[in-house]
Each structure stands twice: as C-alpha cells, then as structure tokens.
Amino acid sequence: MARATRTLNPLHFEDLEPHRFEDLVRQLAYEYRPWSSIEATGRGGADDGIDIRAFEPGSARPLEEGDEDEDLLSVNPGRLWIIQCKRERRIGPAQVRRYVEESVQDPDAPYGFILAAACDFSKKGYDAFRLALIGTGVQEFHLWGKAELEDMLFQPKNDHLLFAYFGISL
C-alpha cells in the first residue's frame, strides 16, 4: 500500500512587506557565519543601498609604541559582508549585474556579498552574478534565490522562522 505524502506549495516571499523580507533574510543569515555583528541598515532609510551589513569577528592587537593611548587596543572590526535583499517576482541577468554594480563599488569592496531575492534565478542569472563579481575584490559571494531560501527555511533549525513568517510548521 502506498503511503500518502504531504507537499507544500511554494512559499510566497514576494508577499512579505519589504522590511519583513529583509528581517527574514537577516534571521537566516545569523546561522550562516559566526558574526560579531549584523546591522539592519535598510530599516533606517539612507542606507547607501545596503540592506544588511555584517561583520565576521575581527582581531585586536596592542597599539604600537608611540600610539596616543597605550592602554587601548587597536581593533579590526572584521571582514565586512553586504547582504542585498530584493523582493521581486523576477530578476534577469541585466538586473543582477546592476544590483552588483550598485552594491559593490571599488575601492571599498566588502569581503563577502550576498544577493537574496524572492524569485528563482536562471542559469544566465547565476552566470551574470559570478561574472559581475569577478575582479571586484569580493572574496566570497552567494546568490540566495527562492529555492535557496526555501531550503534554509525547511531545515529543522529554522522551523520557528517558517512558522513566524508563513504560519507553517514541519
């Protein structure tokens, strides 16, 4: 006898209010790296085109002789990541390139860049993303489309987010 299976319809990320979509992506990002801080820069307006700014842990070193206050440590804030969120139904390769160009500007290239979107990307979109970032100074980059976001939400550790944003618990 065949066992009945349960399937879910695709999640409608595009139905989330823009700041709520940013909140969801930021909450998923918490588990992605051991961040020293994550900032919701997109919520305050005047964000310079950065929705989320995150720092991997930096290091502290003693100040050199002759520095002004020898009791203080010189702190490296860590590697900068920029996470850009787009709540659109479709993003083509040309738009992907434009979003990268707007977000990653030399000489202040971040260490890492993530473009998270509420839609799926074509192979040409993934290729355009990689080509747009090669040579920018960005060391790591990831494209989180609808499929990747659903994969993250369907992991048991993120069931609370799946429920909070979509009312579904697995």
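The values are calculated or read from the model by the stated rules, or taken from the named source; none is laboratory data. These numbers were taken from a predicted model, which means no experiment stands behind them. Cβ atoms come from the backbone with ideal geometry, glycine included; neighbour counts cover every protein chain shown. For the accessible areas, the whole protein counts, side chains as well, though only heavy atoms, and no ligand, DNA or RNA atoms are used. Shrake-Rupley method; radii C 1.70, N 1.55, O 1.52, S 1.80 Å.
Could you check segment 76-127 and list, in sequence order, the residues that are of a type in the set (Phe, Trp, Tyr), outside any helix (DSSP H, G or I) and over 20 Å from Asp15 (Cβ atoms)?
Trp81, Tyr111, Phe113, listed by residue number.
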- Query: What number of residues within segment 137-170 are closer than 20 Å to Arg33 by Cβ and of a type in the set (Val, Ile, Thr)?
  - Reply: 1
- Has segment 61-77 got at least one residue that is open to solvent by less than 70 Å² (accessible area, probe 1.4 Å) and modelled with pLDDT of 65 or more? no
- Query: What are the residue pairs meeting all of these: first residue in segment 106-128, first residue under 21 Å from Trp81 (Cα atoms), second residue open to solvent by 50 Å² or more (accessible area, probe 1.4 Å) and outside any strand (DSSP E or B), Cβ atoms under 6 Å, and 6 or more apart or on different chains?
  - Reply: Tyr111/Arg79; Tyr111/Gln139; Ala118/Arg87; Ala128/Arg97
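Quick check, is Asp108 modelled with pLDDT under 95, open to solvent by less than 50 Å² (accessible area, probe 1.4 Å) and among the charged types (D, E, K, R)? Spell out the reasoning first.
Working: modelled with pLDDT under 95: yes; open to solvent by less than 50 Å² (accessible area, probe 1.4 Å): no; among the charged types (D, E, K, R): yes.
No, not satisfied.
Here is a check on your reading of the model: is Tyr99 without any contact (Cβ under 8 Å) to a residue 40 or more places away in the chain, more than 30 Å from Gly167 (Cα to Cα) and open to solvent by 30 Å² or more (accessible area, probe 1.4 Å)? Full working, then the answer.
On the way: without any contact (Cβ under 8 Å) to a residue 40 or more places away in the chain: yes; more than 30 Å from Gly167 (Cα to Cα): yes; open to solvent by 30 Å² or more (accessible area, probe 1.4 Å): no.
Here the answer is no, as Tyr99 does not meet what is asked.
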- Looking at segment 36-60, which of its residues are at pLDDT 85 or above and in contact with a His (Cβ under 8 Å, 6 or more places away or on another chain)? none
- Message: Going by what's in this entry, would Leu170 be described as surrounded by fewer than 19 Cβ atoms within 10 Å (Cβ to Cβ), assigned to a loop (DSSP other than H, G, I, E, B) and either of a type in the set (A, V, I, L, M) or on the phi < 0 side of the Ramachandran plot (or both)?
- Response: yes
